[in-house]
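The values are calculated or read from the model by the stated rules, or taken from the named source; none is laboratory data. This one's a predicted model, so the numbers in the text were calculated from it and none came from an experiment. So basically every Cβ, Gly included, is an ideal-geometry build from the backbone, and we count neighbours across all protein chains shown.
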Amino acid sequence: MPNFKLPFGVYDTMPETLKFRRELEDKFISLFSRWGYQRIEAPVLSGYDVFRTGVGAVDPSRLFKFGDTDGSMLVMRADMTLPATRIAATKLPPVYPLRLSYAAPSFNLKPEEGGREREFHQAGVELFGVSGAQGDAEVIALAIRALLGAGLTDFRIDIGQVGILRGILANAPISEEDKEELVTLINNKALISEAEFPSLKGLCAPINALMGMYGDESVLDEAEKAIPFKESREALKNLREVYRILQGYGFSEYISFDLGLVNSYSYYSGVVFKGITRHFGAPILGGGRYDHLSEVFGKNIPATGFAIGLTHMLRALEKQGARPKASHADEVLTVPIGKEKEGFFRAEELRKDGRTISVFYGTAEEGKAYGEKIGAISVEVLGEEA
Amino acid sequence: MSTVTVALAKGRLAEKAIELFETCGMDCRSLKEPTRKLVLADESGKFQFIFVKPTDVPIYVENGVADMGICGKDTLLEEDKSVFEMLDLGWGKCKLCIAGYPDIDIDGMNTLRVATKYVRVAEKYFAKREQNIEILKLSGSIELGPVIGLSDVILDIVESGKTLKENGLVVLRDVAESSARLIVNKVSLKTKQDVIRPLVAKMKEGNAL
């Protein structure tokens, strides 16, 4: 027996949901473009090397892979940031700031965090060539505008800076393997001890303190007092500067801090952030500074950006009650068999006013029954128009 | 103010947890009455409790349908969910161990057969040591594995070691230590911080008593 069930983690999108999602995507893309972010597309398929080299390397167990005709390996893209960076570094003239945006699906063979989507839709931006706090502040401000524009209430952008942790770890001879484990624990605010990490002698206290530093801007002062390292202090200074700019824009009410927020330690190089809302149990948006990603392509372009998870966003809006009512095929025009020509021109005339007209071919009774079944607001029978 | 939902593992951990919540000033009378209800509220109505299978606590919390929960570290290691692990409550202490007959040479086996509930923990532990294993997933009476010849060793929690001893088995390796943990959803900690943060602080204090 053939099996027509979809593989796990991929879903069909029904007309109502798709309409809602596309409207949301269009809103984001048009906002991004008004801020100068030009939309790009990239192929879903990519050579393997792009996704296994440098700081952008993806855990191979998370990549969909195929053999190409010449025996080399093809993968499906794991995110849009890497293709965008490839395009910025190898295809576009090096004139900065360079602003790119996208709305597209990416793929994850073995999803772990939250939702079980293996094909996930994101809308996002990448800002290339602005290394200072202005760049981070711009993308965070744009993220706030995007969420406001989508009609989301009760959200905030939770900000951290990976340089704070980097400054602490610069003083410890910790192995790469231990570092990975350590970052997972820090991201989970699970306190660490010297018994687990002997190489962190004397550093567990500031790291544990860092995990507890979340909330309003007072945590920045707390960190200043608790963490003496030079690189950490520079990172804090940068974070304060980003906050100062955002305050100036009038956005402080949307900002909170979590200095224990690291996400991916090797990937991110500065400010990192997540968008969270009361209406959903996982982040709806994530981003940060990734100055070293372009090194994969032999360039050195500072960069920052974010991506909005569209499924999470839709669920949050739904939960908040902001999902518009379905409006499918508002009106049905019933055309008796043999009257196709008259029916066609009548429908065209009605559509001119921007109305949505679906044609039913058959008798008045059949047309009426069909209209009722699909929930059409009015049913007109050709030749009986009011 | 929105309600905070707490997921508790049915059984001993839940009893200890309710005691702790009472120390923190919560009126938990309704939770102690015998009932088959799976969702209960405290007297103030600010908190709602759901009672779930111990291994399911992390998934409720990760998805945010429960804002916080209490479960063993062994469950967290096995389920590997993205949640904040806020407090080590210290109770329910046990060890995850590899056990078997005393004469078995673990490293000398070509393919070691491991009976366990902790499939992910076992895979990770032996992958790190580059040892080939065959996992036999069981959901109870794990000790039977080596006794009846299903497996060479087991990977399981050991509290007193009594069951092992009575079956002639010994602890061969310690894998990890476990105790009850307070876990919190990564978004709820921030969006409901007015309720959750003071509660976590009180629980830390109350637990130390």
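Pairs needed: first member in the stretch B:56-80, closer than 16 Å to A:Ile276 by Cα and within 12 Å of chain A (Cβ to nearest Cβ); second member anywhere, of a type in the set (D, E, K, R) and part of a loop (DSSP other than H, G, I, E, B); C-beta distance under 7 Å; at least 6 residues apart or different chains.
B:Glu62/B:Lys81; B:Asp67/B:Lys192
Mind listing whichever residues of the stretch A:24-79 are part of a strand (DSSP E or B) and either under 17 Å from the mean Cα position of the chain (by Cα) or of a type in the set (D, E, K, R) (or both)?
Selection gives A:Gln38, A:Arg39, A:Lys65.
Considering B:Thr35, B:Thr55, which residue is part of a helix (DSSP H, G or I) and at pLDDT below 95?
Among B:Thr35, B:Thr55, only B:Thr55 is part of a helix (DSSP H, G or I) and at pLDDT below 95.
Give just the number: which of (1) over 27 Å from A:Asp154 (Cβ atoms); (2) not in a helix (DSSP H, G or I) does B:Ile18 not satisfy?
(2)
Could we say that A:Ala57 is without any contact (Cβ under 8 Å) to a residue 24 or more places away in the chain, touching a Phe, Trp or Tyr at 6+ places or on another chain (Cβ under 8 Å) and more than 30 Å from A:Leu148 (Cβ to Cβ) here?
Here the answer is yes, as A:Ala57 does meet what is asked.
In the stretch B:85-96, what residues are surrounded by 23 or more Cβ atoms within 10 Å (Cβ to Cβ) and either more than 13 Å from the chain's Cα centre (by Cα) or within 14 Å of chain A (Cβ to nearest Cβ) (or both)?
The answer is B:Met86, and nothing else.
Please work out if B:Ile135 is among the β-branched types (Val, Ile, Thr), part of a helix (DSSP H, G or I) and crowded, with 18+ Cβ neighbours inside 10 Å.
Against the criterion (among the β-branched types (Val, Ile, Thr), part of a helix (DSSP H, G or I) and crowded, with 18+ Cβ neighbours inside 10 Å), B:Ile135 does not qualify.
Does at least one position in the stretch A:220-242 carry a residue that is within 14 Å of chain B (Cβ to nearest Cβ) and either outside any loop (DSSP other than H, G, I, E, B) or of a type in the set (A, V, I, L, M) (or both)?
The answer is no, given that none of the residues of the stretch A:220-242 is within 14 Å of chain B (Cβ to nearest Cβ) and either outside any loop (DSSP other than H, G, I, E, B) or of a type in the set (A, V, I, L, M) (or both).
Checking A:Leu127 against (1) aliphatic (A, V, I, L, M); (2) assigned to a loop (DSSP other than H, G, I, E, B); (3) touching a Lys or Arg at 6+ places or on another chain (Cβ under 6 Å), only one condition comes out false. Which one?
Against the list (1) aliphatic (A, V, I, L, M); (2) assigned to a loop (DSSP other than H, G, I, E, B); (3) touching a Lys or Arg at 6+ places or on another chain (Cβ under 6 Å), A:Leu127 comes up short only on (2).
Please go through (1) of a type in the set (Val, Ile, Thr); (2) more than 11 Å from chain A (Cβ to nearest Cβ); (3) within 19 Å of the chain's Cα centre (by Cα) for B:Val170 and return the number of the only condition it doesn't satisfy.
Unmet for B:Val170, out of (1) of a type in the set (Val, Ile, Thr); (2) more than 11 Å from chain A (Cβ to nearest Cβ); (3) within 19 Å of the chain's Cα centre (by Cα): (3).
Which of the residues spanning the stretch B:102-121 are of a type in the set (Ser, Thr, Tyr) and assigned to a strand (DSSP E or B)?
Matches in the stretch B:102-121: B:Thr116 only.
Of B:Val184, B:Val153, B:Val200, which residue is touching a strand residue (DSSP E or B) at 6+ places or on another chain (Cβ under 7 Å), modelled with pLDDT of 95 or more and within 11 Å of another protein chain (Cβ to nearest Cβ)?
Just a single option satisfies the conditions, and that option is B:Val184.
Looking at A:Gly202, A:Gly215 in this structure, which one is on the phi > 0 side of the Ramachandran plot, surrounded by fewer than 18 Cβ atoms within 10 Å (Cβ to Cβ) and within 14 Å of chain B (Cβ to nearest Cβ)?
Selected residue: A:Gly215, the only one of A:Gly202, A:Gly215 that is on the phi > 0 side of the Ramachandran plot, surrounded by fewer than 18 Cβ atoms within 10 Å (Cβ to Cβ) and within 14 Å of chain B (Cβ to nearest Cβ).
If you take the residues of the stretch A:109-122 that are more than 14 Å from chain B (Cβ to nearest Cβ) and either without any contact (Cβ under 8 Å) to a residue 40 or more places away in the chain or touching a Lys or Arg at 6+ places or on another chain (Cβ under 9 Å) (or both), which of them is surrounded by the fewest Cβ atoms within 10 Å (Cβ to Cβ)?
A:Leu109
What number of residues in the stretch A:284-302 are buried (at least 18 other Cβ atoms within 10 Å of the Cβ) and closer than 13 Å to A:Thr85 by Cα?
Total meeting the criteria: 9.
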